[in-house]
1. Which of the residues that make up segment 167-188 are closer than 22 Å to Ala11 by Cα, of a type outside the set (Val, Ile, Thr) and either modelled with pLDDT of 80 or more or surrounded by 14 or more Cβ atoms within 10 Å (Cβ to Cβ) (or both)?
2. Within segment 68-84, which residues are part of a loop (DSSP other than H, G, I, E, B) and in contact with a Leu (Cβ under 6 Å, 6 or more places away or on another chain)?
3. Can you tell me how many residues in segment 68-84 are surrounded by 18 or more Cβ atoms within 10 Å (Cβ to Cβ) and among the aliphatic types (A, V, I, L, M)?
4. Kindly evaluate Ser193 against the criterion of being at pLDDT 70 or above and loosely packed, with under 14 Cβ neighbours inside 10 Å.
5. Would you be able to say whether some residue in segment 42-52 is more than 21 Å from Leu103 (Cβ to Cβ) and either modelled with pLDDT under 95 or part of a loop (DSSP other than H, G, I, E, B) (or both)?
6. Output the number of residues of segment 21-30 satisfying the condition of being assigned to a loop (DSSP other than H, G, I, E, B), surrounded by fewer than 19 Cβ atoms within 10 Å (Cβ to Cβ) and under 10 Å from the mean Cα position of the chain (by Cα).
7. Looking only at segment 90-119, which residues are at pLDDT 90 or above and farther than 16 Å from Asn34 by Cβ?
8. Would segment 120-139 turn up any residue that is at pLDDT 95 or above and buried (at least 16 other Cβ atoms within 10 Å of the Cβ)?
Amino acid sequence: MFDPVHCGHLAVAELAVEALSLDRILLVPCKLPNHRHAASASGPQRLDMLGLACAKKPQLEASPIELEREGVSYSVDTLTQLRAADPDTDFVFVLGRDAFEGLPRWERWERLLDENLLAVVSRPGVSVSRESADLTQLKARQVASPEALFSAAAGKVILLDELQNPLSSSLVRAAIGKEGLTEDRGREGWLPSAVQAYIEMHELYRKSVSF
(Lines give C-alpha, C1' and ligand atoms only; values in the text may rest on other atoms or scores of the structure.)
Protein backbone atom coordinates (compact mmCIF):
# COMPACT_ATOMS: atom_id res chain seq x y z
CA MET A 1 0.00 0.00 0.00
CA PHE A 2 2.75 2.48 1.04
CA ASP A 3 0.13 4.66 2.72
CA PRO A 4 2.47 6.39 3.39
CA VAL A 5 5.91 5.04 2.58
CA HIS A 6 8.05 5.24 5.73
CA CYS A 7 11.61 4.52 6.78
CA GLY A 8 10.70 0.95 7.74
CA HIS A 9 9.74 0.21 4.13
CA LEU A 10 13.04 1.63 2.92
CA ALA A 11 14.97 -0.39 5.49
CA VAL A 12 13.31 -3.61 4.26
CA ALA A 13 14.16 -2.76 0.66
CA GLU A 14 17.77 -1.96 1.49
CA LEU A 15 18.10 -5.12 3.58
CA ALA A 16 16.90 -7.19 0.61
CA VAL A 17 19.26 -5.41 -1.79
CA GLU A 18 22.23 -6.13 0.45
CA ALA A 19 21.31 -9.68 1.49
CA LEU A 20 20.44 -10.86 -2.02
CA SER A 21 22.80 -8.62 -4.04
CA LEU A 22 19.87 -7.25 -6.03
CA ASP A 23 20.35 -4.74 -8.82
CA ARG A 24 17.21 -2.84 -7.87
CA ILE A 25 13.98 -2.97 -5.92
CA LEU A 26 10.63 -1.93 -7.36
CA LEU A 27 8.29 -0.41 -4.78
CA VAL A 28 4.74 -0.90 -6.07
CA PRO A 29 1.72 0.92 -4.60
CA CYS A 30 -1.46 -1.03 -5.27
CA LYS A 31 -4.47 0.52 -6.96
CA LEU A 32 -7.30 -1.49 -5.42
CA PRO A 33 -6.40 -3.89 -2.58
CA ASN A 34 -8.10 -7.26 -2.42
CA HIS A 35 -7.95 -8.09 1.30
CA ARG A 36 -7.33 -4.70 2.92
CA HIS A 37 -9.19 -1.43 3.30
CA ALA A 38 -8.75 1.23 0.63
CA ALA A 39 -5.78 3.57 0.96
CA SER A 40 -6.23 6.95 2.62
CA ALA A 41 -4.03 8.76 0.08
CA SER A 42 -4.71 8.49 -3.64
CA GLY A 43 -2.64 6.29 -5.92
CA PRO A 44 -0.84 9.24 -7.54
CA GLN A 45 -0.08 10.71 -4.11
CA ARG A 46 1.38 7.44 -2.84
CA LEU A 47 3.43 7.12 -6.02
CA ASP A 48 4.68 10.70 -5.58
CA MET A 49 5.76 9.95 -2.01
CA LEU A 50 7.55 6.80 -3.13
CA GLY A 51 9.36 8.77 -5.81
CA LEU A 52 10.51 11.29 -3.22
CA ALA A 53 11.62 8.53 -0.85
CA CYS A 54 13.63 6.80 -3.59
CA ALA A 55 15.13 9.94 -5.12
CA LYS A 56 18.52 9.57 -3.42
CA LYS A 57 18.54 5.76 -3.39
CA PRO A 58 19.56 4.61 -6.89
CA GLN A 59 18.70 0.95 -6.28
CA LEU A 60 15.12 1.75 -5.23
CA GLU A 61 12.49 2.65 -7.81
CA ALA A 62 8.81 3.57 -7.51
CA SER A 63 6.73 1.63 -10.04
CA PRO A 64 3.23 2.59 -11.28
CA ILE A 65 2.56 -0.87 -12.73
CA GLU A 66 -0.49 -1.61 -10.55
CA LEU A 67 -1.85 1.93 -10.70
CA GLU A 68 -1.84 1.70 -14.50
CA ARG A 69 -3.73 -1.61 -14.55
CA GLU A 70 -7.51 -1.74 -14.30
CA GLY A 71 -9.32 -3.63 -11.57
CA VAL A 72 -8.21 -5.11 -8.26
CA SER A 73 -4.45 -5.27 -7.69
CA TYR A 74 -3.29 -8.88 -7.40
CA SER A 75 0.40 -9.52 -6.74
CA VAL A 76 0.32 -12.70 -8.80
CA ASP A 77 -0.75 -10.68 -11.86
CA THR A 78 1.90 -8.03 -11.25
CA LEU A 79 4.67 -10.61 -11.04
CA THR A 80 3.42 -12.33 -14.19
CA GLN A 81 3.38 -8.98 -16.00
CA LEU A 82 6.92 -8.13 -14.87
CA ARG A 83 8.32 -11.50 -15.96
CA ALA A 84 6.62 -11.24 -19.35
CA ALA A 85 8.02 -7.75 -19.92
CA ASP A 86 11.56 -8.74 -18.91
CA PRO A 87 12.02 -12.53 -19.23
CA ASP A 88 15.80 -12.37 -18.81
CA THR A 89 15.57 -10.87 -15.31
CA ASP A 90 15.31 -12.91 -12.11
CA PHE A 91 12.55 -11.37 -10.01
CA VAL A 92 12.20 -11.87 -6.25
CA PHE A 93 9.00 -10.95 -4.44
CA VAL A 94 10.00 -9.30 -1.15
CA LEU A 95 7.36 -9.19 1.56
CA GLY A 96 7.06 -8.95 5.31
CA ARG A 97 6.52 -12.03 7.42
CA ASP A 98 3.14 -10.71 8.58
CA ALA A 99 2.06 -10.56 4.92
CA PHE A 100 3.50 -14.03 4.33
CA GLU A 101 1.50 -15.28 7.30
CA GLY A 102 -1.70 -14.24 5.51
CA LEU A 103 -0.68 -15.55 2.10
CA PRO A 104 -3.35 -18.29 1.96
CA ARG A 105 -5.97 -15.52 1.83
CA TRP A 106 -4.40 -13.99 -1.29
CA GLU A 107 -5.75 -14.43 -4.79
CA ARG A 108 -4.18 -17.51 -6.46
CA TRP A 109 -1.61 -17.71 -3.68
CA GLU A 110 -0.48 -21.22 -4.59
CA ARG A 111 0.31 -20.07 -8.12
CA LEU A 112 2.19 -17.10 -6.68
CA LEU A 113 4.34 -19.49 -4.64
CA ASP A 114 4.81 -21.98 -7.47
CA GLU A 115 5.83 -19.46 -10.12
CA ASN A 116 8.02 -17.02 -8.17
CA LEU A 117 10.95 -16.64 -5.81
CA LEU A 118 10.09 -15.09 -2.44
CA ALA A 119 12.16 -13.32 0.20
CA VAL A 120 10.46 -12.89 3.58
CA VAL A 121 11.59 -10.26 6.07
CA SER A 122 10.43 -10.42 9.67
CA ARG A 123 9.95 -7.63 12.16
CA PRO A 124 9.64 -7.73 15.96
CA GLY A 125 6.57 -9.56 17.24
CA VAL A 126 5.74 -11.34 13.98
CA SER A 127 6.31 -15.04 13.40
CA VAL A 128 5.04 -17.68 11.02
CA SER A 129 2.59 -20.00 12.75
CA ARG A 130 2.91 -23.75 12.47
CA GLU A 131 -0.39 -23.92 10.61
CA SER A 132 0.67 -21.31 8.06
CA ALA A 133 4.09 -22.87 7.61
CA ASP A 134 2.50 -26.27 6.96
CA LEU A 135 -0.08 -24.79 4.61
CA THR A 136 2.48 -23.05 2.43
CA GLN A 137 4.90 -25.98 2.56
CA LEU A 138 7.52 -23.60 3.88
CA LYS A 139 9.96 -26.30 4.95
CA ALA A 140 9.89 -27.89 1.51
CA ARG A 141 10.37 -24.54 -0.23
CA GLN A 142 12.83 -22.82 2.08
CA VAL A 143 16.44 -22.32 1.03
CA ALA A 144 19.28 -21.09 3.19
CA SER A 145 21.29 -18.92 0.82
CA PRO A 146 20.84 -16.46 -2.06
CA GLU A 147 22.78 -18.84 -4.30
CA ALA A 148 20.28 -21.61 -3.65
CA LEU A 149 17.40 -19.20 -4.21
CA PHE A 150 18.61 -18.00 -7.60
CA SER A 151 19.60 -21.48 -8.74
CA ALA A 152 15.90 -22.37 -8.70
CA ALA A 153 13.59 -21.21 -11.46
CA ALA A 154 10.73 -20.63 -9.02
CA GLY A 155 8.93 -22.01 -6.00
CA LYS A 156 11.57 -21.24 -3.36
CA VAL A 157 11.49 -19.01 -0.28
CA ILE A 158 14.34 -17.46 1.69
CA LEU A 159 13.91 -15.99 5.17
CA LEU A 160 15.99 -12.86 5.67
CA ASP A 161 17.21 -11.51 8.99
CA GLU A 162 14.70 -9.90 11.30
CA LEU A 163 14.48 -6.16 10.84
CA GLN A 164 14.48 -4.34 14.17
CA ASN A 165 11.92 -1.76 13.15
CA PRO A 166 8.31 -2.09 14.37
CA LEU A 167 7.08 0.90 12.35
CA SER A 168 3.94 0.51 10.23
CA SER A 169 1.95 2.81 7.96
CA SER A 170 -1.07 2.50 10.25
CA LEU A 171 1.03 3.73 13.18
CA VAL A 172 2.23 6.71 11.13
CA ARG A 173 -1.31 7.58 10.02
CA ALA A 174 -2.64 7.32 13.56
CA ALA A 175 0.12 9.55 14.91
CA ILE A 176 -0.51 12.17 12.24
CA GLY A 177 -4.25 12.04 12.86
CA LYS A 178 -3.84 12.53 16.60
CA GLU A 179 -0.83 14.81 16.84
CA GLY A 180 0.04 16.04 13.37
CA LEU A 181 3.62 16.00 12.14
CA THR A 182 6.39 17.39 14.28
CA GLU A 183 9.96 18.28 13.42
CA ASP A 184 11.10 15.33 15.51
CA ARG A 185 9.13 12.79 13.50
CA GLY A 186 11.65 12.65 10.67
CA ARG A 187 14.62 12.57 13.05
CA GLU A 188 13.07 9.62 14.87
CA GLY A 189 13.34 7.60 11.69
CA TRP A 190 9.65 7.55 10.82
CA LEU A 191 9.48 9.40 7.52
CA PRO A 192 11.97 10.63 4.92
CA SER A 193 12.06 14.41 5.15
CA ALA A 194 10.76 14.88 1.60
CA VAL A 195 7.80 12.60 2.33
CA GLN A 196 7.08 14.46 5.55
CA ALA A 197 7.06 17.76 3.66
CA TYR A 198 4.72 16.30 1.01
CA ILE A 199 2.27 15.07 3.67
CA GLU A 200 2.27 18.48 5.32
CA MET A 201 1.81 20.31 2.01
CA HIS A 202 -1.17 18.15 0.99
CA GLU A 203 -2.56 17.82 4.53
CA LEU A 204 -2.74 14.04 4.28
CA TYR A 205 -3.93 11.68 7.04
CA ARG A 206 -5.22 14.45 9.27
CA LYS A 207 -8.45 12.55 10.00
CA SER A 208 -6.90 9.08 10.15
CA VAL A 209 -6.75 7.99 13.78
CA SER A 210 -7.62 4.30 13.61
CA PHE A 211 -5.54 1.21 12.98
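1. Residues of segment 167-188 closer than 22 Å to Ala11 by Cα: 167-176, 181-188.
Subsequent filtering for residues that are of a type outside the set (Val, Ile, Thr) retains 167-171, 173-175, 181, 183-188.
Hits for segment 167-188 are Leu167, Ser168, Ser169, Ser170, Leu171, Arg173, Ala174, Ala175, Leu181, Arg185, Gly186.
2. If the condition is that a residue be part of a loop (DSSP other than H, G, I, E, B) and in contact with a Leu (Cβ under 6 Å, 6 or more places away or on another chain), then Val72, Ser73 are the ones that fit.
3. Looking only at that region, the number is 3.
4. Here the answer is yes, as Ser193 does meet what is asked.
5. yes
6. Going through segment 21-30 one residue at a time, the tally reaches 0.
7. Initially, segment 90-119 is screened for residues at pLDDT 90 or above, giving 90-95, 106-119.
Passing the criteria: Asp90, Phe91, Val92, Val94, Leu113, Asp114, Glu115, Asn116, Leu117, Leu118, Ala119.
8. Kept after step one, since they are at pLDDT 95 or above, are these residues of segment 120-139: none.
Within segment 120-139, not a single residue is at pLDDT 95 or above and buried (at least 16 other Cβ atoms within 10 Å of the Cβ).
The values are calculated or read from the model by the stated rules, or taken from the named source; none is laboratory data. Computed from a predicted model, the values in this text were never measured in an experiment. All Cβ positions, glycine included, derive from the backbone under ideal geometry; neighbour counts span all protein chains shown.
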